[in-house]
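Structure first, then comments.
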Amino acid sequence: MKDTADYADNMIAAVRKAASASRTQAILPLHEPVFQGNEWKYVKACLDSTFVSSVGEYVTRFEKALAEYVGVKRAVAVASGTAALHVALRLVGVEKNDEVLLPGLTFVATANAVAYCGAVPHFVDSDETTLGLAPCQLKEYLRDTAIVKQQQCFNSKTGRRIKAAVPVHTFGHPVDIAPLLDLCRMYHIELVEDAAEALGSLYKGKHAGSFGRVSAISFNGNKIITAGGGGAILTDDEELADRARHITTTAKLPHPWEYVHDDIGYNYRMPNLNAALVLAQLEQLPAFLAKKRKLAEAYAKAFKPLEGVRLFTEPAFARSNYWLQTLLLEEGTEGKRDQLLTALHEANILARPAWKPLHQLDMYQQCPRMEMKNAEKLTAAIINLPSGAAL
Ligand SMILES: *Cc1c(COP(=O)(O)O)cnc(C)c1O
């Protein structure tokens, strides 16, 4: 790349071309929600019913529709994706001082949920072809680091139990989950799937969110569909689903008027008002997916003539929801990331870098980890482009 300014101009033109010629002057946000279905109707009906809070038909309807869509037995709607992850980890038995394996390259919530359990995040490197947990590196690493005793896995260096692993489908692109499931089985590690970004993505024809013993989805404002704020716990295990419902609703025993609780529960339920909104959003998900796929193709085409960058495309085994369109700066170009981001922002294109890897954040620097070469390389190389379904 010779002249960064010229190069940035070409990038800006490519984004404008792919996103929509009619919006030349407008700000292109990273991911804005689209409300063109039954949102007003359902939210109004919810208000009219006065059942706006933790009880109501929309919560039940949404949970049923979501479970059916993903192909799992049960969905429990909760207040956020982070809450879903926290409870998912509790459900599979993560306890204080356990270690939980997760990618360093993910949103901070994945590690925070581990910390909420009093457990210790243990960072694993990412794979460049999926942007998610690297199965080969993890296999070697576990061979050197983990020992299994009485059907439990321990970190031979720290002595702590490794109770769970949380693969993430980064920006909605499916992680190679089959070898990770095999590894977890072999080492007696529970797999919790962070499918927060991946609703509608498929791995070998099966939905993201259906692989973990328990999985978590997010409906935050910037995700592929939104509840305003919200999340869901998914599982095929009826008992765990009942337990999820119980502890996310303050562990109150059912009774017409008495307040008796049999555990330290959480106030994590999704309000009916949010469920009304997200049910209407779920109805539009197939249309959003089609639009995002088209946008991915348009970006790939528009960026093709540019040297030094490429659009991330789904691996052969996967069908991505393309939640966030992902541009990769190639070898030698990564150093220009921040200059390019600055130029894009000056042109009202609100592109974003990937997260700072979690093992570099103050609160997680001391956590155990393997060598994190790919995660660090990817962070320097990734630019997420405007990706909303309205583009
Ligand atoms: C958004 C997100 C979460 C958390 O979801 P919230 O609803 O924002 O709490 C967790 N993990 C990943 C990978 C996410 O992108």
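The values are calculated or read from the model by the stated rules, or taken from the named source; none is laboratory data. Predicted model only: the values in this text are computed from it and were never measured. Here Cβ is always computed from backbone atoms with ideal geometry, including for glycine, and neighbour counts include all displayed protein chains. Note: accessible area is taken over every heavy atom of the protein model, side chains too, but ligands, DNA and RNA are not part of it. Shrake-Rupley method; radii C 1.70, N 1.55, O 1.52, S 1.80 Å.
Quick notes on this one:
- Wholly within segment 299-391, strands (runs of 3 or more DSSP E) carrying at least 1 residues that are open to solvent by less than 10 Å² (accessible area, probe 1.4 Å) and within 28 Å of K139 (Cβ to Cβ): 325-329, 382-385
- Residue count for segment 201-210, restricted to those that are open to solvent by 40 Å² or more (accessible area, probe 1.4 Å) and assigned to a loop (DSSP other than H, G, I, E, B): 2
- Residue in segment 134-146 that is out of contact with any strand residue (DSSP E or B) (no Cβ under 7 Å at 6 or more places or on another chain) and within 16 Å of the ligand (Cβ to nearest atom) present: no
- Unique match (being of a type in the set (A, V, I, L, M, F, W, C), in contact (Cβ under 8 Å) with a residue 24 or more places away in the chain and more than 25 Å from M372 (Cα to Cα)) among L202, L191: L202
- Beta carbons closer than 9 Å, at least 6 apart along the sequence or on distinct chains, pair a first residue in segment 79-92 that is over 12 Å from A196 (Cα atoms) and modelled with pLDDT of 95 or more with a second that is among the polar types (S, T, N, Q) and more than 8 Å from the ligand (Cβ to nearest atom) for A79/T248; A79/N267; A79/N274; H86/N112; V87/T248; A88/S215; A88/T235; L91/T235.
- Taking first residues from segment 221-237 that are over 21 Å from V166 (Cα atoms) and partners that are assigned to a loop (DSSP other than H, G, I, E, B) and more than 10 Å from the ligand (Cβ to nearest atom), the Cβ contacts under 6 Å between residues at least 6 apart in sequence or on separate chains come to N222/H31; T226/P33.
- Residue check for I247: in contact (Cβ under 8 Å) with a residue 40 or more places away in the chain and over 17 Å from E197 (Cα atoms): yes
- Hey, G104 within 16 Å of P368 (Cα to Cα), crowded, with 22+ Cβ neighbours inside 10 Å and within 16 Å of the ligand (Cβ to nearest atom) or not: yes
For every residue, the table says whether it meets (1) away from the ligand (no atom under 11 Å from the Cβ); (2) at pLDDT 95 or above; (3) more than 30 Å from Q152 (Cβ to Cβ); (4) not aliphatic (A, V, I, L, M).
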| residue | (1), (2), (3), (4) |
| --- | --- |
| A178 | yes, yes, no, no |
| L202 | yes, yes, yes, no |
| G209 | yes, yes, no, yes |
| I224 | no, yes, yes, no |
| A227 | no, yes, yes, no |
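- Matching residues in segment 229-243 - criterion: being crowded, with 24+ Cβ neighbours inside 10 Å and away from the ligand (no atom under 16 Å from the Cβ): T235
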